[in-house]
Structures are given as structure tokens and as C-alpha cells.
Amino acid sequence: EEKIAKLKGLLEAMRAEVFLFAKENWVDGLKTILAAKQLQTLLYAPDTWIGPTIAGAWEEDTQGLPRKVAFDQVIEDSKAELFQIDAGITTTRGAIAETGAIVLWADAHEPRTLSLVPAVHIAVLEAGKIYNSFCEIIQEQNWSAGMPTNALLISGPSKTADIEMTLAFGVHGPKELIVLILTD
């Protein structure tokens, strides 16, 4: 609970939205968020652990929900469509409480595109994968046994600063970050 509270506070300080849901009904919470934001499209990776849940949930009722778009194409063949997507949803490798960052490991099934191109990035995080420090996540998950070519640490919507140190959000990437923390 302490790690969840610290992570949530730091993410929200960087303008991320954080929601806690029980693991067994998180998709109902997702549907509520998507309907409230009136998003038109949701990009997801069908070959991840959340993929079948999303695919199945949309079969029951699509009222007020965005059209789901499975990321199962070659990027080069779908660039035009990708830049029209409202939201992308990804899994996470974990999170770091002391810095307020979520960790993504991009791969062929769930590339960086899902978190970087859409205006809204939704990240699904299991509460048991929140670590105190960067060192702890590296050791506990045994990263030395196989690092990906690209690990992403995300602490909020995209942000940049100019030479006068004026911080601007949502300029070069997602304008919104929504983190769904799933508890047991």
C-alpha cells in the first residue's frame, strides 16, 4: 500500500491519471474511463496477457466504447491508421515507487508504437510489480539474464522544456497517461 501511494502521488504530480482496480474486474473500470473520455479508437496488442480480456469484453457490449484496433499488422503498412488512433493500451514490466515511473519492455508483440503514437497512453500495472527502486526491479526481475533492446521508463505524459526551463506537456507524444493499478 505504501509503494502504491508513493507511485500514485508522483505520477499524479506529473499529470498522469492513476486508478486502482481489483484484478478480476479491471476491464469494467477501463470501459468506464474510455466512455467518459469519449475516445473513438483503442489500439491494443492481442498477444499480451491483457489482449484476450480486451477482445472478449468488447464482444459483450460496445455501447459508448471506442472501436478496438488489434495491433497485428506491419507498422509500415498501417502508419496512416496508427496516427489516427485515440488511445493505446499496454502492459507494464513493473514500476518504481521512488521515482514514480512505470517500466515498459517493448517487443514484437507490443512495440513502443502503442505507447508513443496515440494521444492517450493507458498502462496496465499489477500492484505486485511495484518496486521501491530501479536497482530493486533490476535485481528482482533478473534483468541481467536478458535485457530487451528497448526499456522505457515513463513518469507521465510526454513533456519537454525550453531553454528557459518552461515545462510543456504533450508536445512530442501522448498528451495523457492513464495508469491502471490492479490489486489482488
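Mind counting the residues in the range 147-184 that are out of contact with any Ser or Thr (no Cβ under 9 Å at 6 or more places or on another chain), β-branched (Val, Ile, Thr) and modelled with pLDDT of 75 or more?
If we filter the range 147-184 for residues that are out of contact with any Ser or Thr (no Cβ under 9 Å at 6 or more places or on another chain), which is where we start, we get 147-151, 156-166, 176, 178, 180-184.
The next check asks that each one be β-branched (Val, Ile, Thr); those that pass are 149, 160, 163, 166, 178, 181, 183.
If we keep only those that are modelled with pLDDT of 75 or more too, we end up with 149, 178, 181, 183.
Residues that pass the stated criteria total 4.
A quick yes/no check of all residues on (1) of a type in the set (A, V, I, L, M); (2) modelled with pLDDT under 90:
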position	(1), (2)
86	no, no
97	yes, no
113	no, yes
127	yes, no
134	no, no
137	yes, no
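For the range 1-39, give me each residue that is of a type in the set (Gly, Ala, Ser), within 22 Å of residue 131 (Cβ to Cβ) and surrounded by 15 or more Cβ atoms within 10 Å (Cβ to Cβ).
Passing the criteria: only 16.
When both residues are 6+ apart or on different chains and their Cβ atoms are under 6 Å apart, which pairs have a first residue that lies in the range 49-64 and is within 16 Å of residue 24 (Cβ to Cβ) and at pLDDT 75 or above, and a second that is open to solvent by 10 Å² or more (accessible area, probe 1.4 Å) and part of a helix (DSSP H, G or I)?
Qualifying pairs under 6 Å: 53/27; 57/27.
Tell me, please, whether a residue that is crowded, with 16+ Cβ neighbours inside 10 Å, of a type in the set (Val, Ile, Thr) and under 19 Å from the mean Cα position of the chain (by Cα) can be found in the range 141-152.
no
The values are calculated or read from the model by the stated rules, or taken from the named source; none is laboratory data. Keep in mind it's a predicted model, so treat the numbers as computed, not measured. Positions of Cβ are generated from backbone atoms using ideal geometry, with glycine treated the same way; all protein chains shown enter the neighbour counts. Just so you know, the surface numbers come from the protein's heavy atoms only, side chains and all, with ligands and any DNA or RNA stripped out. Shrake-Rupley method; radii C 1.70, N 1.55, O 1.52, S 1.80 Å.
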